[in-house]
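Notes follow once the structure below has been shown.
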Amino acid sequence: MGKSDFVFATCRAGWESSLKREVAARHGRLLTPAFMRPQLITWKSQTPLSAEFELGGAFAPVSGFSIGMARSAEEVALRVSEAGIQAADLHVFPRIIAEDGVTPEVWLRMDKIKAAVEQVCPLLPEAVNVIDLIIGEEGEPWFVGTHRRSPAAHPNAGSVPRIMLPSGVPSRAWLKMEQSLAWLGLDSSEVLAGQTALELGSAPGGAAWALLQRGMKVIGVDTGAMDDRVLTHPRYDHIGLSAGEVPFDYLPERVYLLAMDMNLAPDVALRLMEPFYVRLQPQWLILTMKMNDLRVEAQLPSLIERARSFTNGPVFAKQLHANRRELTVISQRAE
């Protein structure tokens, strides 16, 4: 891909202002807001950007280069050709994504559009780019963008797996965990079976339920009331203490996954999590970081650096669509 003057980002509903503030803090006067719709913003660069440029930031589930608008599969292929892009995949997803997921009926419409575009826009598996085709309301032109594949990029179209929050789960933490596992590539069948997870802040049990359903052994730490289905599950071990009171001899020498979702200020949560991470050496980390005010937004870069200071591996932060006033932080232990 050659140089581009425009970049784009999607965001969670209602968080457009936070995304714009974050981009301004990261890139200063380089980028000027250009086009905005609910959950989609573009910026114009004051100088041409190289193909390696990354918008970055935690409030953008998907971000990349804008390459134009289209109203048909043929126009999408033309925009891709004009931009000189070779793409390995095509992500077609709705502009409006609800916090509880996208309905099968909407995905069916996306799949029909994707099939039409793939007929005229060949893909190359060895390429590094992904085409993002964002579909708005009926009659609205399609937005065409592209991003590079990387560990920071969620592998699902729109950064949202094809699941919705089902009725009857212990809490909506189930969906946050499922979207996080998909980001880590841990949502395939049996990949977690037999492994052990430690969850700090387990009540009432939504995230633990997701892990148990995937065959994990779960140690849950919380003083709050647990859902009976979780509490009585044969692979669930409940420690009814606050996380700061748990003796390490209650725990195994290592765990495969360390998860934390507690209503604490991010700096307090990180300080509480660090000794568990250092002692238990998890392969994977999933932290839900609360974003309750603008002060925390401003501190976000230093908070991410704080997480990097004690983790053994890269750290990424994104506001997934299942998050509310929070972000998801993930890390994989380096080999």
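What follows draws every value from the coordinates through simple rules; no lab data is involved. As the structure is a computational prediction, the values presented were derived from the model and not from experiment. Quick reminder, even Gly has a Cβ in these numbers, built from the backbone with ideal geometry, and neighbours come from all protein chains shown.
A few points about this structure:
- Exposure proxy for Lys217, Lys20: other Cβ atoms within 10 Å of each Cβ, ordered fewest to most, give Lys20, Lys217.
- Of Lys176/Lys217; Lys112/Lys318; Lys217/Lys318; Lys20/Lys176; Lys20/Lys112, those spanning more than 21 Å from alpha-carbon to alpha-carbon: Lys112/Lys318; Lys217/Lys318; Lys20/Lys176; Lys20/Lys112
- Compactness index (Cα Rg / 2.2 N^0.38 Å), segment 173-332: 0.96
- Paramagnetic label zone (point 7 Å from Cα along Cα-to-C-beta, Arg325; backbone N under 18 Å) in segment 172-215: 172-173
- Taking the chain as a Gaussian network of alpha-carbon nodes connected by springs under 10 Å, the highest mean-square fluctuation of the residues Ile131, Ile286, Ile163 belongs to Ile163.
- The calculated 222 nm mean residue ellipticity attributable to helices in the chain amounts to -9000 deg cm²/dmol, summing -39500 (n - 2.57) over DSSP H runs of n ≥ 4 and dividing by all residues.
- Counting neighbouring beta carbons within 10 Å and listing from fewest to most, the residues Leu200, Leu124 come out as Leu124, Leu200.
- The mean sequence distance of close C-alpha pairs (under 8 Å, at least 6 residues apart), as a share of the length of the chain, puts its relative contact order at 14 percent.
- Around the amide H of Ile219, modelled in the peptide plane, lie the amide H atoms of Ala197, Leu198, Glu199, Asp237, all under 5 Å away and 5 or more residues distant in sequence or on another chain.
- Compared with the alpha-carbon gap, the fully stretched path from Ala13 to Glu335 is longer by 112.2 nm at 0.36 nm per residue.
- A simple rule links phi to the HN-Hα coupling: the Karplus curve 6.51 cos²θ - 1.76 cosθ + 1.60 with θ = phi - 60°, which for segment 218-233 gives 10, 9, x, 10, 5, 8, x, 6, 9, 4, 4, 5, 6, 4, 9, 5 Hz, with x for Gly and Pro.
- Normalised by the number of residues in segment 173-332, the mean separation of alpha-carbon contacts (under 8 Å, six or more apart) gives a relative contact order of 20 percent.
- Taking θ as phi - 60° and the Karplus parameters 6.51, -1.76 and 1.60, the scalar couplings of segment 320-335 work out to 6, 5, 7, 5, 10, 8, 6, 10, 9, 10, 10, 7, 10, 4, 5, 5 Hz in sequence order, x denoting glycine and proline.
- If you wrap the Cα atoms of segment 1-81 in a convex hull and average its projected area over all directions, you get 5.5 nm².
- Amide H partners (placed H, <5 Å) of Glu326, local residues excluded: Met291
- Per the Kirkwood formula applied to alpha carbons, segment 57-210 shows a radius of gyration over Rh ratio, Rg over Rh, of 1.02.
- Multiplying the residue separation of Ser150 and Ser50 by 0.36 nm and subtracting their alpha-carbon distance yields 34.3 nm.
- With eigenvalues of the C-alpha gyration tensor scaled by 5 and rooted, the chain, Å: 37, 22, 17
- Exposure proxy shown here: for Asp5, Asp228, Asp132, the number of other Cβ atoms within 10 Å sets the order, fewest to most, as Asp228, Asp5, Asp132.
- Summarising the strand pairing of the chain, around 60 percent of its internal DSSP beta bridges are antiparallel.
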